[in-house]
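Inspection log for the structure reproduced underneath, given as structure tokens.
Please treat every number below as a calculation from the coordinates, not as lab data. Keep in mind that this is a model prediction, so the values were computed, not measured. Note: ideal-geometry Cβ built from the backbone for every residue, glycine included; neighbour counts use all protein chains shown.
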Amino acid sequence: MTKITKILVANRGEIAIRVMRSARELGILTVAVFSEADRNALHVRYADEAVFIGPPPSSESYLKIDKIITAAQKTGADAIHPGYGFLSENEDFAQAVEDAGLIFIGPSAKAIELMGSKLAAKAAVAEFNVPLVPGTAEPIKEITKAKQVARHVGYPILIKASAGGGGKGMRVVENEESFEEQMDRAVSEATSAFGDGSVFIEKYITKPRHIEFQIFGDKHGNVVHLFERECSIQRRHQKVVEEAPSSILTEEKRRLMGEAAVNVGKACGYYGAGTVEFILDDNLDFYFLEMNTRLQVEHPVTEEITGLDLVKLQIKIAEGEPIPFKQEDLKINGHAIEIRVYAEDPANNFLPDIGTLKTYKRPQGHGIRVDDGFEQGMDIPFYYDPMIAKLICKADTREAAIEKMKRAINEYEITGLETTLGFCKFVMEHEAFRSGNFDTRFVENYFTPSVLQATCEDEAMIAAIVVTHLSNDKTMQVKETAHHKPVSQWKKNRITR
Ligand code: MV4
């Protein structure tokens, strides 16, 4: 057992702050790293110490392994937490941290490497009775043999890059005639994108639901799961809404999937926090897809329904402590939903709309949590992911959590840039979401920018009506904006106070 006394957080924004908060509660000192673009960032101010690591592009700062390790050594940190993104799933980084005599707060470099190869991952878990999508378990070498497999599992099939993941390097093949052409493309794409042209085929599940299980392993061989997160509401592989628990799992299905998730962890000798991704077909049969070897953006919904602090758990495990509870001690408490608030314009193909947070007021009250890294007046830097915040609502039931989320969205005030708040409100109000009857095609099936315009016009109309009945300064501003720019200002001057 090694007590950690000082953690360097190799990340920025909300996740850096999230990690530092838990460290501080454990009496552990914190070190931030920052690029030129983040001199005034909140994670820098929050930390006990901060080290400058280079120019704004992440390739010259947050992705520089030696600069980060040097910063840890210089400040006397004894552990590094990678957050998510950046170096969090880089086995060379994990190894370099350990080689420098520091503790990597995450899994072993070996586990990261194994799960980074989709084929190696499938091979490893197959021996542990984890259901896999029908297809090939080895890289495709011969086209005739591959065609045989495809014919056997049935078209449409999906060609995936072994080194891909998160939807990168996938190709749907509708019939045998286009097989060869698509295969050639997939191989050359995988070669240029990942430096590894290995591809494999799977039956294409056409309307999958994406359900992932949070697992934790310790350094003593114990693995548990912390139930599931439903992440089917996504847009181009970017999650928009996540919730726990999933409304379609029965107790029995949850038990079976949880067991499979634990087996995935056991298959790779996993320790730390990990996420096992499954897809479910319309029979609700589930298949292992891949494993993410990091703490995920959406971890707060799991924290809300289990009452556990996942970052503290990560730190304890990194120190060598055994998991402090048994699987059967865990139970789901209530329902939690997270939405991601991005500085993107849903009316304009979700183009990043970076700029200054002219007004920034968070919603408050019982069951509402906001994880963010900004304050009013700050700029959203252009160099990084444009996520402004995660808004998490927790209540006794799914219905109550949805209603709470609607209130929270209405009370969130952000001006100066466009955000995905209105888009998330659209999801919360949609019948398919409310009924629980949706799959990963929700956004493409139901969303067009015109659904926002409708909301906007309604609000402009309501604004105009309110203004005719009231005449204080505040509502006068609403009137002006609503009248001059009714379309693009739809969420900037909400009057639902
Ligand atoms: C699939 C699939 C259908 N059939 N595999 C996308 C992300 C990557 N983790 C795997 N993905 C998929 N794999 C088979 N055999 C559909 C997807 C998929 C998807 C999966 C989860 C969440 C959203 C998705 C959106 C499009 C496609």
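Can you give the calculated 222 nm mean residue ellipticity of the chain, where each DSSP H run of n ≥ 4 adds -39,500 (n - 2.57) and the sum is split over every residue, rounded to the nearest 500 deg cm²/dmol? Could the numbers behind the result be given before it?
Numbers: 17 runs with 181 residues, N = 497.
Rounded to the nearest 500, it is -11000 deg cm²/dmol.
State the three equivalent ellipsoid semi-axes of segment 213-275, derived from the C-alpha gyration tensor as the square roots of 5 times its eigenvalues, in descending order and whole Å.
Numbers: eigenvalues 106, 44, 14 Å².
Working from the Cα gyration tensor, I get semi-axes of 23, 15, 8 Å.
If we sort 391-402, 360-371 on the protection proxy, mean other Cβ atoms within 10 Å, highest first, what's the order?
Numbers: 391-402: 19.1, 360-371: 15.3.
Ranking, from highest mean packing down: 391-402, 360-371.
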Dipole-positive endmost among Leu132, Gly76, Pro107 within segment 73-134 (Cβ charges, Cα centre): Leu132
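Which loop-located trypsin sites (Lys or Arg not before Pro) does segment 11-68 contain, where loop means any DSSP state but H, G, I, E or B and the Cβ has at most 12 other Cβ atoms within 10 Å? The partial results should precede the final answer.
On the way: sites: Arg12, Arg18, Arg21, Arg24, Arg39, Arg45, Lys64, Lys67; in loops: Arg12, Arg39, Lys64.
The qualifying sites are Arg39.
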Cut-off 10 Å between beta-carbons: net charge of the residues surrounding Gly269, Lys and Arg +1, Asp and Glu -1: +3
Tail beyond 15 Å, pair distance distribution of segment 138-234 (Cα, percent): 66 percent
Under-5 Å amide H pairs with Tyr342, H placed in peptide plane, nonlocal only: Ile388, Thr420, Leu421
Student exercise, the chain dipole from Lys, Arg, Asp, Glu Cβ charges, in Debye to nearest 20: 840 debye
Neighbour-count order for His152, His430, His81, His43, fewest beta carbons within 10 angstrom listed first: His152, His430, His43, His81
Part-to-part distance (alpha-carbon centres) for segment 322-368 and segment 2-22, which is given in Å: 19 Å
Modelled FRET efficiency - R0 30 Å, Arg407 with Glu259, Cβ distances, 0.05 increments: 0.20
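Which semi-axis lengths, in whole Å and largest first, follow from the square roots of five times the eigenvalues of the Cα gyration tensor of segment 226-310? Display every interim value, and only then the final one.
On the way: eigenvalues 62, 57, 40 Å².
After diagonalising the Cα gyration tensor, the semi-axes are 18, 17, 14 Å.
Remind me, relative contact order of the chain in percent, using alpha carbon pairs under 8 angstrom and six or more residues apart? Could you put the intermediate results ahead of the total?
Values: 1027 pairs, mean separation 62.3, N = 497.
Result for the chain is 13 percent.
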Partners for Lys147 among lysines (Cα-Cα distance below 21 Å; same-chain residues under 8 apart left out): Lys118, Lys122, Lys160, Lys203
FRET E, pair Lys331, Arg24, Förster distance 25 Å, beta-carbon r, rounded to 0.05: 0.30
Simple Cβ-charge dipole of segment 80-193, Lys/Arg +1 and Asp/Glu -1, about Cα centre, in debye nearest 20: 280 debye
Linear extension gain, Asp282 paired with Thr144, 0.36 nm per residue minus alpha-carbon span: 46.6 nm
Per-residue HN-Hα couplings for segment 233-243 [Karplus 6.51, -1.76, 1.60; θ = phi - 60°; Hz; x = Gly/Pro]: 7, 9, 10, 6, 6, 9, 5, 10, 10, 10, 8
Charge sum, other residues only, whose C-beta stays under 12 Å from Val297's C-beta, Lys/Arg counted +1 and Asp/Glu -1: -1
Phi-based couplings in Hz for segment 310-326 (Karplus 6.51, -1.76, 1.60; Gly and Pro marked x): 5, 6, 4, 4, 4, 5, 4, 5, 4, 6, x, 6, x, 4, x, 8, 9
Which listed pairs, of Lys316/Lys425; Lys6/Lys110; Lys312/Lys390; Lys110/Lys316, have C-alpha distances above 30 Å, in listed order: Lys316/Lys425
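Among the GluC sites (Glu not before Pro) within segment 108-166, which fall in a DSSP loop and have no more than 15 other Cβ atoms within 10 Å of their own Cβ?
On the way: sites: Glu113, Glu127, Glu142; in loops: Glu127, Glu142.
Sites meeting the loop and neighbour criteria: Glu127, Glu142.
Counting every Cα pair in the chain, what percent are over 37 Å apart?
31 percent
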